[in-house]
Amino acid sequence: MGRRAKNKQAAPEPLEKKAAKKLGKRKADSDIDSDDGPSTRPAKKVKDFMANAHATASKSFIQKGNGKDKGKAVTEKTTVVAKPISDSDSGDGWEDVDSEVEMDDDNDDRLEDFIGDLDDSMEGSDDDDEPLRGTVQEFDFDTDEEEEIQSASKRKKSKQSEKPLKIIPTGSDASSDDDDDDSEEDERVTMANMEARSRALDAKAAAEAELDEAEFQGALASDDKNEDLDMDEDAGTDGEIDAEPFHLPTAAEREAEKQAGGPDLQVVQRRMRECVRVLGKFKRLAEKGRSRSEYTDQLIADIASYYGYNQFLAEKLFQLFPVAEAIEFFEANEVPRPVTIRTNSLRTRRRDLAQTLVNRGVNLEPIGKWTNEGLQVFESSVPIGATPEYLAGHYMLQAASSFLPVKALSPQPNERVLDMASAPGGKTTHIAALMQNTGVVFANDANKARTKSLTANVHRLGCKNVVVCSYDGREFPKVMGGFDRVLLDAPCSGTGVISKDQSVKVNKSERDFALLSHLQKQLILCAIDSVNPNSKTGGYIVYSTCSVTVDENEAVVDYALRKRPNVKLVDTGLEFGREGYTTYRGKTFNPSVSLTRRFYPHVHNMDGFYVAKFKVGKRSKATSVDESAAVAEPTFVLGEEAPVQHAGEDVGFDSEEDRPYLEEAKRRRMKSKGLRPPPRSNPTKA
């Protein structure tokens, strides 16, 4: 048997058997294909396709099947190839059909029946052959070369033919592979791709920040025509309210508006937007006869009523920023900050903790590259403060801004560190973890009731080098001193955490800020005095508050620099944050105050915070006198003759006589530093 005969199809089934099959919605006489597999084509397309096939086949048989030439016509090789409509090469579509049949005389009856059926089906059709000729274009008659190609494709491929066509990858292949890898990595977060995803997110965030800054600068530098067009569009979309031109209300109108129960919320919102726009281009957009202070007072009043602040605090916070940025700050205080946790390095690693929490249904990612311990939680199917890992002390619920003071302090192992206001223990346990449970950490808090939560967190997180005490911070130089580093997270007004405590909006007055500022100045001087200036590894103090006001931050730092000349500001080591103010509303601070760092909710997406780092040096006496060169001038009574001083005569102090006083002063200094003084020596009797 030849190689072509092996690939030939068998004789077609009789039409009677085909008609007996149930083909669903397809008609029995419309199937001339030998495939039994189901077709994925719509019924209508199959019906039209098969009708054309019937017409073409009947025409060819009728032309060739006349008299004696019928058998010869049948024995000719006729190949009808039905092109599939779909482009896919799947087995569900119509395949090429090689209808090469060498029929015997026994199959003449089948052919007669086949032709008769086709004639019957053609009786009701039109005699015009033009439609048939038009549809014949869908069929091709294969040659022997095509048959050989088809038979060769069916044979088993050799190993050489199985090799890929591309051996050396091109640039397009690499890019496609990278895209596939990125798409796979984006699907789920694993420990393997967490760091890469974090870097990618940081790069994306930096690019977006640059783009936002560029857009912001472009918006500020936009010309007046675009602004007028924008305002016209706002007037058309917002309705009747914006359709009216903006008019700044006078003092009488504001009083009448207040007596009527206050303005509508939409009116206040539009008035704030208009005031911001006018103050940005005051010379061009302001009404004639109206001053800048009138617009500013109206904007502050609207902010106080819209966001719920008292008039004093709204004005105090408004003065910290430019007009447009002030609105962003007030808006950011209405949105809660992201939930963040700090990994306890004494118990676990961040990678292991992240994997464990992900398995529990927590969606999280690293906070940023500035910390290797923080994780930001987006959503969680379990209470994040009641997981087994939390109870086992693997992490601490802590705001991202609370990482900053400890990072700036940078405690080293085997040091003596003081946390003057430590409750509830987030910063204290962070210090203990960075010190790897070595040295001593004194956790102090003036409120004895708060030391209970402090002690509980210290035990839960496994900190073994912490000593909890409850003293007023202003007493600490007398209680104990000589610390290598001191962290003072001073009590403050809380204007940086308004999103957590909305009561700050109404319960803070000018007297509160004056009292808090006075207390902070006392505490920072005591913290400086508690540091050992001779420390080999330390001698640093970090001052921080969760407030954004200048009275509690730059003013306190400048006061400490003036009162303690042996102290200087150093770089905090924090990679981001805005510089502290050196001038503010007529006040001028030390130029080194620019080394301090400010953090805002609308800029850094964390609570408002302030961090300053001091380096404590040795004290220098006001009048330093070289004892070797000092010469005591003799005293004499007026009117008497001055005594004659002989050469080489010692007129200085008697060291033996002054020794007890010097030793007692030394004992007092050592006690103030928390050191044990040596025993008193018996004075020598002359």
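The values are calculated or read from the model by the stated rules, or taken from the named source; none is laboratory data. Computed from a predicted model, the values in this text were never measured in an experiment. Neighbour counts are summed over all protein chains in view; Cβ atoms, including those assigned to glycine, are modelled from backbone coordinates with ideal geometry. Please note that ligands, DNA and RNA were not included when accessible areas were found on the heavy atoms of the full protein model with its side chains. Shrake-Rupley method; radii C 1.70, N 1.55, O 1.52, S 1.80 Å.
Can you find a residue that is hydrophobic (A, V, I, L, M, F, W, C), under 18 Å from L434 (Cβ atoms) and crowded, with 22+ Cβ neighbours inside 10 Å anywhere in the range 462-476?
yes
Inside the range 326-339, can you point out the residues that are surrounded by 15 or more Cβ atoms within 10 Å (Cβ to Cβ), under 19 Å from the mean Cα position of the chain (by Cα) and among the β-branched types (V, I, T)?
Within the range 326-339, just V339 meets the criteria.
Yes/no per residue for (1) under 26 Å from Q217 (Cα atoms); (2) open to solvent by 70 Å² or more (accessible area, probe 1.4 Å); (3) at pLDDT below 75:
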position: I241; (1), (2), (3): no, no, yes
position: F246; (1), (2), (3): yes, no, yes
position: G262; (1), (2), (3): no, no, yes
position: R273; (1), (2), (3): yes, yes, no
position: K283; (1), (2), (3): yes, yes, no
position: K288; (1), (2), (3): no, yes, no
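Residues are listed down the side, and each one gets a yes or a no for (1) of a type in the set (V, I, T); (2) part of a helix (DSSP H, G or I); (3) at pLDDT 80 or above:
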residue	(1), (2), (3)
P643	no, no, no
H646	no, no, no
G652	no, no, no
R659	no, yes, no
K666	no, yes, yes
M670	no, yes, yes
R676	no, no, yes
P683	no, no, no
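Please go through the range 320-373 and pick out each residue that is of a type outside the set (V, I, T) and in a strand (DSSP E or B).
R342, N363, L364, E365, P366
Could you tell me whether any residue of the range 462-474 is modelled with pLDDT of 95 or more, closer than 30 Å to F378 by Cβ, assigned by TED's automatic domain parsing to the domain that holds R598 and in a helix (DSSP H, G or I)?
No, there is no match, as no residue in the range 462-474 is modelled with pLDDT of 95 or more, closer than 30 Å to F378 by Cβ, assigned by TED's automatic domain parsing to the domain that holds R598 and in a helix (DSSP H, G or I).
What's the total number of residues in the range 297-307 that are open to solvent by 30 Å² or more (accessible area, probe 1.4 Å) and of a type outside the set (F, W, Y)?
Selection size over the range 297-307: 2.
Name the single residue, out of those in the range 374-420 being in a strand (DSSP E or B) and more than 28 Å from F442 (Cβ to Cβ), that is least open to solvent (accessible area, probe 1.4 Å).
The selected residue is L375.
State all residues of the range 429-449 that are open to solvent by 30 Å² or more (accessible area, probe 1.4 Å) and more than 27 Å from S672 (Cβ to Cβ); if no residue qualifies, say none.
Passing the criteria: L434, Q436, N437, A449.
Could you check the range 308-325 and list, in sequence order, the residues that are open to solvent by 60 Å² or more (accessible area, probe 1.4 Å) and either of a type in the set (A, V, I, L, M, F, W, C) or without any contact (Cβ under 8 Å) to a residue 12 or more places away in the chain (or both)?
Listed by number, the residues that qualify are Q311, F312, P322.
Quick one: would you say K427 is under 23 Å from I528 (Cβ atoms) and out of contact with any strand residue (DSSP E or B) (no Cβ under 8 Å at 6 or more places or on another chain)?
In short, no.
Please report, ordered by residue number, the helices (runs of 4 or more DSSP H) entirely within the range 507-609 with at least 1 residues that are assigned by TED's automatic domain parsing to the domain that holds V497, surrounded by fewer than 16 Cβ atoms within 10 Å (Cβ to Cβ) and more than 36 Å from the chain's Cα centre (by Cα).
Of the helices (runs of 4 or more DSSP H) lying wholly inside the range 507-609, those with at least 1 residues that are assigned by TED's automatic domain parsing to the domain that holds V497, surrounded by fewer than 16 Cβ atoms within 10 Å (Cβ to Cβ) and more than 36 Å from the chain's Cα centre (by Cα) span 510-529, 554-563.
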